[in-house]
Amino acid sequence: MQTKSRNIYLIPYVLWIILFVVAPILLILYYSFFNIEGDFSFENYRKFFTPVYLKMTMSSFWYAFLITAITLIISYPTAYLLTKTKHKHLWLLLIILPTWINLLLKAYAFIGIFGTYGTANTFLEWVGIGTKQILFTDFSFLFVAVYIFIPFMILPIFNSLEELNPTLLDASKDLGASPWTTFRRVIFPLTIDGVKSGCQVVFIPALSLFMITRLIAGNRVITLGTAIEQHFLVTQDWGMGSTIAVFLIIAMALFMLVTGNRKKGV
């Protein structure tokens, strides 16, 4: 009886997964087998393995890796310092607060900051460097992307550090371990799950960025997300757009599989 009751509660969850996860993926897979004329074909998959799309794929992975690496380098020490501050939850709230603002609004705000007559160039002129082309560069793209994703990296790392047993750190200190050794052998291994979770929530969406590449990078940075947007909204080649999406889903699934938490048996 208890099992039946539990199964009934699972019905809304299963329906949600089928309608909004499984069905869209199957629909994308279906459309990927049709060319721009609407004929069944494997042409899209053949086209994906041409130099143009392979270069675009490598570019997407490279920028996603850079965004994730820079975000991690900034976020880990930030999260660690947060755990040591007096009002840590207040500071954490202030870091998370920008995520409540619409992404498009933040992108346009950075266009104003990095523009020719923006705040950044005004400061450069004031210090005597002069006006520079900041907007529509790799730097501006990486800067804005890292700024957007930092809260999503800090939060899981902060939670892992908060759950860390302080007696383990005291034991490491009593045994004569240096601060670096304690971090390398105790703190980081015990918070690696938080790091993996942070990398997942940054790397996966970074692979499919398209709004920032258009508004901040000025289409200098071409990613798989940009290509999907172009095929669906501009060229109307839904088949090719779906094919790229299929490979993007596979790449995301593989990354989650590689960085997933594995429970080892005792």
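Read-outs: derived from the displayed coordinates by stated rules, not from any lab. Given the structure is predicted, the values throughout are model-derived calculations rather than measurements. Positions of Cβ are generated from backbone atoms using ideal geometry, with glycine treated the same way; all protein chains shown enter the neighbour counts.
By what distance, in whole Å, do the Cα atoms of the stretch 157-266 stretch along each of the three principal axes, largest value first?
Here the Cα extents, ordered largest to smallest, are 66, 35, 18 Å.
Along the stretch 168-176, what does the Karplus equation 6.51 cos²θ - 1.76 cosθ + 1.60 (θ = phi - 60°) give for ³J(HN,Hα), rounded to whole Hz, x for Gly and Pro?
Per-residue couplings from phi come out as 5, 5, 5, 5, 5, 5, 5, 7, x Hz.
Each label point is 7 Å from the Cα along the Cα-to-Cβ direction; what then is the distance between the points at His87 and Phe42, in nm?
So the label points at His87 and Phe42 sit 6.4 nm apart.
For the stretch 91-156, build the convex hull from the C-alpha positions and give me its volume per residue in Å³.
Per residue, the Cα convex hull of the stretch 91-156 comes to 98 Å³.
Could you tell me the number of lysine pairs in the chain with C-alpha atoms less than 30 Å from each other, where the two lysines are 8 or more residues apart or belong to different chains?
22
In debye, nearest 20, what is the charge dipole magnitude of the stretch 1-142 about its Cα centre with +1 on Lys and Arg Cβ and -1 on Asp and Glu Cβ, if you could check? Before the final figure, lay out the partial values.
Numbers: 10 positive and 5 negative charges, 147 e Å.
Dipole magnitude for the stretch 1-142 comes out near 700 debye.
Using the Cα centre of the chain as the reference point, and only Cβ charges (+1 on K/R, -1 on D/E), how large is the resulting charge dipole? Debye, rounded to the nearest 20. Could you put the intermediate results ahead of the total?
Numbers: 19 positive and 12 negative charges, 147 e Å.
That gives the chain a dipole magnitude of about 700 debye.
Between Ile101 and Thr50, what FRET efficiency comes out of the Förster formula 1/(1 + (r/R0)^6) with R0 = 35 Å and r the beta carbon distance, rounded to 0.05?
0.35
Relative contact order of the stretch 112-213, please, whole-number percent, based on alpha carbon pairs below 8 angstrom and at least 6 residues apart.
Numbers: 71 pairs, mean separation 27.7, N = 102.
Normalised by residue count, the contact order of the stretch 112-213 is 27 percent.
What do you get for trypsin sites (Lys or Arg not before Pro) in the stretch 33-101 restricted to DSSP loop and a cutoff of at most 14 other Cβ within 10 Å of the site's Cβ?
Here the sparse-neighbourhood loop sites are Lys86.
Extent of the chain along each principal axis, from alpha carbon coordinates, in Å, largest to smallest?
Principal-axis extents of the Cα atoms in the chain, largest first: 75, 71, 33 Å.
How many angstrom lie between the C-alpha centres of the stretch 88-111 and the stretch 138-158?
Each part's Cα centre sits 11 Å from the other's.
Answer with one residue from Thr191, Ile70, Met256: the one whose Cα lies farthest towards the positive end of the charge dipole of the chain, charges on Cβ with Lys, Arg +1 and Asp, Glu -1.
Thr191
Two decimals is fine: what's Rg over Rh for the stretch 1-142, C-alpha atoms, Kirkwood radius as Rh?
We get a ratio of 1.13 for the stretch 1-142.
Set the Förster distance to 22 Å, then compute FRET efficiency between Ile74 and Phe123 from the Cβ-Cβ distance, nearest 0.05.
Step by step, r from the Cβ atoms, then E = 0.55.
Exposed loop sites here are GluC sites (Glu not before Pro) in DSSP loop states with at most 16 other C-beta atoms within 10 Å. What is the longest stretch of the chain lacking them?
Working: sites that count: Glu37, Glu163.
The segment 38-162 is the longest one with no such site.
Order the peptides 241-248, 189-196 from the highest to the lowest mean number of other Cβ atoms within 10 Å of their residues.
Highest mean packing first, the order is 241-248, 189-196.
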